1. For residues that are among the aliphatic types (A, V, I, L, M) and either farther than 15 Å from Ala15 by Cβ or free of Cβ contacts under 8 Å to residues at least 12 places away in the same chain (or both), scanning just the range 40-55, find the one that is surrounded by the fewest Cβ atoms within 10 Å (Cβ to Cβ).
2. When you check Cys47 against the structure, is it at negative phi, modelled with pLDDT of 95 or more, touching a Phe, Trp or Tyr at 6+ places or on another chain (Cβ under 9 Å) and not basic (Lys, Arg), yes or no?
3. Quickly run through the range 40-86 and pick out the residues that are closer than 17 Å to Pro29 by Cα and of a type in the set (Ser, Thr, Tyr).
4. Kindly indicate the residue of the range 38-55 that is outside any helix (DSSP H, G or I) and not charged (D, E, K, R) and also nearest to the chain's Cα centre (by Cα) among those meeting that condition.
5. Would you point out the residue of the range 56-84, among those that are without any contact (Cβ under 8 Å) to a residue 12 or more places away in the chain and not in a loop (DSSP other than H, G, I, E, B), that is nearest to Phe33 (Cα to Cα)?
6. Mind counting the residues in the range 56-75 that are at negative phi and surrounded by 13 or more Cβ atoms within 10 Å (Cβ to Cβ)?
7. I'm checking my understanding of the structure. Among residues of the range 20-39 that are of a type in the set (Gly, Ala, Ser) and either in contact with a strand residue (DSSP E or B) (Cβ under 7 Å, 6 or more places away or on another chain) or farther than 19 Å from Arg76 by Cβ (or both), which one is surrounded by the most Cβ atoms within 10 Å (Cβ to Cβ)?
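The values are calculated or read from the model by the stated rules, or taken from the named source; none is laboratory data. On a predicted model such as this, the values are computed, not experimentally measured, just so you know. Heads up, the Cβs are rebuilt from the backbone with ideal geometry, glycines too, and the neighbour counts pull from every protein chain shown.
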Amino acid sequence: MQAFLALVDISDESALAWQERALCAQTDPEAFFPEKGGSTREAKRVCQSCEVRAECLEYALANDERFGIWGGLSERERRKLRRRAV
């Protein structure tokens, strides 16, 4: 995965085209950015059936997104994933 992350160029609009197909774009954004201690269940449920879940997660990892649910994972879960990849 690290090799791909190095190739992601966020200035390239075509690299972000997946966002137009993301189910979260059709859902209440507050579900993906819950208050501290709030439930992430609804957001993760949406992510489970999203066709661009992998692209979303790759984007979040490449851009060190610190908040919200991305690719079905919380910030804590993404941090654990990064540690395992090193």
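1. Initially, the range 40-55 is screened for residues among the aliphatic types (A, V, I, L, M), giving 43, 46, 52, 54.
Now narrow it down to the ones that are either farther than 15 Å from Ala15 by Cβ or free of Cβ contacts under 8 Å to residues at least 12 places away in the same chain (or both): 43, 46.
Numbers: Ala43: 24, Val46: 20.
Per the stated criteria, the residue is Val46.
2. Values: at negative phi: yes; modelled with pLDDT of 95 or more: yes; touching a Phe, Trp or Tyr at 6+ places or on another chain (Cβ under 9 Å): yes; not basic (Lys, Arg): yes.
For Cys47, the condition - at negative phi, modelled with pLDDT of 95 or more, touching a Phe, Trp or Tyr at 6+ places or on another chain (Cβ under 9 Å) and not basic (Lys, Arg) - is met.
3. Once the filter is applied, which keeps residues that are closer than 17 Å to Pro29 by Cα and of a type in the set (Ser, Thr, Tyr), the range 40-86 yields Thr40, Ser49, Ser74.
4. First, pick out the residues of the range 38-55 that are outside any helix (DSSP H, G or I): 38-40, 49-52.
When the remaining residues are screened for being not charged (D, E, K, R), the result is 38-40, 49-50, 52.
Working: Gly38: 18, Ser39: 16, Thr40: 13, Ser49: 14, Cys50: 11, Val52: 9 Å.
So the residue we want is Val52.
5. By that ranking, first place goes to Glu75.
6. First, the residues of the range 56-75 that are at negative phi: 56-63, 65-67, 69-70, 73-75.
Still in the list and also surrounded by 13 or more Cβ atoms within 10 Å (Cβ to Cβ): 56-62, 65, 69-70, 73-75.
The total comes to 13.
7. First, the residues of the range 20-39 that are of a type in the set (Gly, Ala, Ser): 22, 25, 31, 37-39.
Filter once more, so that each one left must be either in contact with a strand residue (DSSP E or B) (Cβ under 7 Å, 6 or more places away or on another chain) or farther than 19 Å from Arg76 by Cβ (or both): 22, 25.
Values: Ala22: 18, Ala25: 11.
Checking each candidate, the answer is Ala22.
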